[in-house]
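Nothing in this text is a laboratory measurement; each read-out follows from the coordinates by a stated rule. Only a predicted model underlies this, so the values are computations on that prediction, with no experimental measurement involved. Positions of Cβ are generated from backbone atoms using ideal geometry, with glycine treated the same way; all protein chains shown enter the neighbour counts.
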Amino acid sequence: MYQKNASISKGIDWLTVLLYLALAVVGLACIFSVEYKSGDNVVQNFLGFKKEYSKQLFFFGASIIVAAFILLTDSKFFTATANLAYAFGIMLIMATFVVGKEVGGSKSWIPLGFMNIQPVEVCKIFTSLALAKFLSLPETNLKKIQTQLIAAAIAFSPALLSVLQKEPGAAIVYFSFALTFYREGLPTLYLIVIFSLTILIIASIVVSPIVFYVSITVIAVLFIFFNGRKIRRDMFKLVLVIVVWLMCIGVKLFLVHALFDYVLKPHQVVRIFTTFGIDDYKFKTPERTAEIEKELAKLGTTRRKPGEKVESYNVKQSKIAIGSGGFWGKGFLQGTQTRGDFVPAQNTDFIFSSVGENFGFLGCLALMLLYFGLMLRLIFLAERQRSTFSRVYMYCVVGILFFHVALNVCMTLGLAPSPGITLPLLSYGGSSLITFTILIFISIKLDADRQMILR
């Protein structure tokens, strides 16, 4: 569906385009910096499609072509096909159970010959469109339980399928849609509950069982003591406190153990151990213990005495690389850690380490300003829309970008477990680059047509 006499530049927000191009170019430079070797024939390598920076340049060219098609497409196309696109995305994820390629123990990739695509990554686009379609319906009201359940089902169904693929890291990003729900009227209580549950899970992982149980019990008793009069007037509050206390105990007894023993893959468990310095966790089976020990040895570390921090080789080398860059950085192509292949996955998950080593603190700060500049610009575009569909979609994109950037950078600095997600527009990979290109340029197109009356 195309507009008559369509103009690719009409109404385009060029600042957003420039921010996108700046980040994509920085990504190419970083991938090139970690792969380049002295004496390499740069032109031949770029044209040979053998080096990863050569492939990324090809993916970037393909992304520009995709962006051009999006800008020439009628905006009504996205509203009309949102639900069909979502259904296609779900079927694509389910197809991986049959024809999927196993990478890193997860069968979540579909091989296309020249590249692999990860359907759960691409489905972020379709989920954003479907949520925008649903939340823009006149009868939709996020204060109603039925609406909340439908919206949650749309947002988290791909995440559930991702967990079944043994790829829980990719599922985490789907929680970014909670930010959109909040903007569209979801009661604040839900965000408080989600935040509290996150803190509770972290505390139950870090703190010893005895300290955890005693702390939760003391908090419950103190709450009852200081609210004695209110509780005597309304015994339901006492029941509520007891239920919350039991749920907190259940998180420690059942949820955390289920995650560590059955849901998370060994390398994901190890990432949590290395982040929080855990070394005395007792697994339920000897087989699971052996798997974790093997993974720890593979990452260049071993389980040590309780209280002594365990660090993985990946994070340790990443922090060394970033720290060695200092304030100004070593300079482009001068990094020793990243160019020496000391940092694993330095083209993908840990590409931020190359920014820190090459360009130092100033370079990292400039990169963060580019990211937050892009997100703030998208929020500005979202708030000036006449269409609820366009506003909701743009907030979905902002949430996805924020989660990816925050989790990836914190992972690289050793501040959070590695969920195995990419740094938007910087990390190597055609699936990731094209996905973010589509997400951003649909936003640009919707803004360009904001004067149209869209539902």
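List of remarks:
- Counting charges near residue 173 (Lys, Arg +1; Asp, Glu -1) among other residues having Cβ under 10 Å from its Cβ returns a value of 0.
- Model label sites at residue 15 and residue 239, defined 7 Å from Cα along the beta-carbon direction, differ in position by 5.4 nm.
- Relative contact order (%) - the chain, alpha-carbon pairs under 8 angstrom, separation at least six: 24 percent
- If only the Cβ of Lys and Arg carry +1 and only the Cβ of Asp and Glu carry -1, the dipole of the chain around its Cα centre is close to 940 debye.
- Inter-site label distance for residue 223 and residue 283 at 7 Å from Cα along Cβ, in nm: 3.5 nm
- Cα-based equivalent ellipsoid, segment 125-223: semi-axes from gyration tensor eigenvalues, Å: 31, 19, 9
- Which of 74, 449, 349 has the fewest Cβ neighbours within 10 Å, and the rest in rising order: 74, 449, 349
- The helix-only estimate of mean residue ellipticity at 222 nm for the chain, built from DSSP H runs of length n ≥ 4 each weighted as -39500 (n - 2.57), is -21500 deg cm²/dmol after division by the residue total.
- The relative contact order of segment 218-297, computed from alpha carbon pairs under 8 Å that lie at least 6 residues apart in sequence, is 23 percent.
- Kyte-Doolittle mean at least 1.6, axial Cα span of 20 Å or more - DSSP H helices of the chain: 14-35, 82-99, 145-164, 188-206, 209-226, 235-250
- Likely footprinting exposure, 123, 410, 248, 30, fewest C-beta neighbours within 10 Å first: 410, 248, 123, 30
- Kirkwood Rh and Cα Rg combined as Rg over Rh, evaluated for the chain: 0.99
- Of the two radii for segment 187-264, the radius of gyration is 1.03 times the Kirkwood radius, both from the alpha carbons; that is the Rg over Rh value.
- Shape analysis of segment 393-454 based on the Cα gyration tensor places the equivalent ellipsoid semi-axes at 28, 13, 7 Å, largest first.
- Pairs exceeding a 29 Å alpha-carbon distance, out of 10/51; 143/230; 124/252: 10/51; 124/252.
- Cut-off of 10 Å, at most 12 other beta carbons, DSSP loop: longest stretch of the chain lacking such chymotrypsin sites (Phe, Trp or Tyr not before Pro): 115-326
- Across segment 343-455, the volume of the C-alpha convex hull divided among the residues equals 102 Å³ per residue.
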